[in-house]
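Heads up, the thing below is written out as structure tokens.
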Amino acid sequence: MQKNKNSSTRNFINLNEIDIGQLHNIMSFAHDVKKSRYGYIELLKNKSFILLFDEPSTRTRISFELAITQLGGNSIFLDPSTSQLGRGESIQDTAKVISRYVDGIIIRNASHKDLHEFANNSNISVINALTNLSHPCQIMADLMTLHEHFGTIENINVAWVGDGNNVANTWIQAAQVFGFNLKMAVPQEYKPNQDYLKKALDNNAKIVISQDINNIISDADCIITDTWMSMNDKTTNSDKKVGILERYQVNTRLFELAPKHAIFLHCLPAHRGQEVTDEVIDSPRSLVYQQAENRLHIQKGILKYCFDN
Ligand code: CP
Ligand code: NVA
């Protein structure tokens, strides 16, 4: 029989399910640990983790594996195609077995529904390392980067330009819980998740969605975009999608319409020449590598939230 989750076992699945004080604690720990990279070696001592990724990853995999090692834990990387999951073993059985081996699991899963099924059948902490619907670890690193640059994220103006994808959805959830201003320029055809948006607006989130790109970026502190074709994008006609999104490219002409202090963020990998040009992503106003580095530090904050409470 499946044991109930221990009361101190925490998942990290969606930002709007986590107490705002805890999210601030995660960020504050990440700032501390960035100053002292090898300073918390006891935190995950004798703790074991599995990273179960059914989609490619550079940053998320490396940053979690390193974060676990640098906090004194150990991890195993599992690829569904070379495990029994790939031969049809159920998520339920896999989750119950894995729960008996390790303390936590970090999952990159094409299906948000499957991630929930995994969490519902395990009694260990489950961390969302990206699904078709959300990417909470990424947005925490992005917010950390904004905090480093501007000294605060309160009342900051964030402008999202491009596809209404999983990363865009998570910005909506972040605006809901952190209360900053989010303006999104997205085409009518590729809007973000409407349930997430409704929930955020019902909770008084300050979110504006429009196709008027100039209006969206005119008071932006930060312009963010992402690939037009996500890993689990089900669009059948990618040429049509790219064609519609062409006017949403973040290029120098567009960037010049933003305030002079505005910075550029992108979760990476970037498709240079599509959603962003070389001139913008390589400019001094682009913080994309600092943002990528912060994945490592914020993962430590997320691990502390889940396993050291
Ligand atoms: N930004 C991000 O999640 O990158 P990876 O796909 O390389 O992990
Ligand atoms: N939206 C992108 C993010 C990659 C980190 C994707 O899902 O492919």
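Below is a table of values for the structure above.
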quantity	calculated
In the range 39-104, trypsin sites (Lys or Arg not before Pro) in a DSSP loop with at most 15 other beta-carbon atoms within 10 Å	Lys45, Arg100
Exposure rule at most 13 other beta-carbon atoms within 10 Å, DSSP loop GluC sites (Glu not before Pro): the chain longest free segment	155-255
Selection of chymotrypsin sites (Phe, Trp or Tyr not before Pro), the range 93-160, meeting DSSP coil and at most 13 other Cβ within 10 Å	Tyr101
Between the range 135-203 and the range 235-296, the alpha-carbon center distance in angstrom	15
Nonlocal amide H pairs with Val276, under 5 Å, H built at 1.01 Å	Val250, His271
Convex hull of Cα atoms in the range 146-255, direction-averaged projection (nm²)	7.1
Under-5 Å amide H pairs with Phe53, H placed in peptide plane, nonlocal only	Leu78, Arg108
Relative intensity, log₁₀ I(q)/I(0), of the range 62-108 from a Debye sum that treats every alpha carbon as a point, q = 0.18, 0.25, 0.31 Å⁻¹	-0.63, -1.01, -1.22
Karplus 3J(HN,Hα) series, Hz, for the range 261-275 with 6.51 cos²θ - 1.76 cosθ + 1.60 (x for Gly, Pro)	8, 5, 10, 10, 10, 7, 5, 6, x, 8, 10, 4, x, 9, 5
Rounded D (µm²/s) - the chain, Kirkwood Rh over Cα pairs, Stokes-Einstein at 37 °C, 0.692 mPa s	165
Label-point gap, in nm, between Tyr289 and Asp79 - each point 7 angstrom along Cα→Cβ	2.9
Taking Ile216, Ile207 and counting other C-beta atoms within 10 Å, the order from fewest to most	Ile207, Ile216
Exposure proxy ranking, count of Cβ atoms within 10 Å, fewest first, for Asp221, Asp239	Asp239, Asp221
Among Ile209, Ile106, Ile127, residue whose mean-square fluctuation peaks in a GNM of the chain (springs only between Cα atoms under 10 Å)	Ile209
Largest to smallest principal axis extent of the C-alpha atoms in the range 103-159, angstrom	41, 24, 15
Of the trypsin sites (Lys or Arg not before Pro) in the range 161-245, those whose Cβ has at most 15 other Cβ within 10 Å and which sit in DSSP loop	Lys234
If the convex hull is drawn through the Cα atoms of the range 203-309, its volume per residue in Å³	163
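Each reported figure results from applying straightforward, stated rules to the coordinates on display, with no laboratory input. Everything numeric in this text was worked out from a predicted model, so none of it was measured. Don't worry about glycine lacking a Cβ; one is built from the backbone with ideal geometry, like all the others, and counts go over all protein chains shown.
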